[in-house]
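Derivation of every value follows stated rules applied to the coordinates shown; laboratory data play no part. Remember, it's a predicted structure, so these values are computed and weren't measured experimentally. Here the Cβ positions follow ideal geometry from the backbone for every residue, glycine too, while neighbour counts run over all protein chains shown.
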Amino acid sequence: MQKENEANAKRNSPATLGNGLNPISTEMYKSCYKIGTCRLECHASEKLVDYCMFHLECCVKGNPA
């Protein structure tokens, strides 16, 4: 019974969906703000222009005007 409870707890953890996929992985590197890309954090050569789902940052290369 204890092993079954541990397996259920792992399966239902907030980091995973019921099918075992990480919800953030579906949003990473998606296009945003016309020419931007969703990332965990913008690179030094990029500018933060918006936010994506799960508080990912929408980053654009260079200095968009």
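How do ILE35, ILE24 line up, fewest other C-beta atoms within 10 Å first? Spell out each step's value before the answer.
Values: ILE35 12, ILE24 15.
Placing the least packed residue first, the sequence is ILE35, ILE24.
Just add up the charged neighbours of THR37: K/R +1, D/E -1, any other residue whose Cβ is under 10 Å from the Cβ of THR37. Don't jump to the answer; show the numbers that get you there.
Working: positive: LYS30, ARG39, LYS61; negative: GLU46, GLU57.
Neighbourhood net charge equals +1.
If R₀ is 30 angstrom, what is the calculated FRET efficiency for the pair HIS43 and ASN22, using the beta carbon separation as r and rounding to 0.05? Show your work: numbers first, answer last.
Numbers: r = 22 Å, r/R0 = 0.73.
That gives a FRET efficiency of 0.85.
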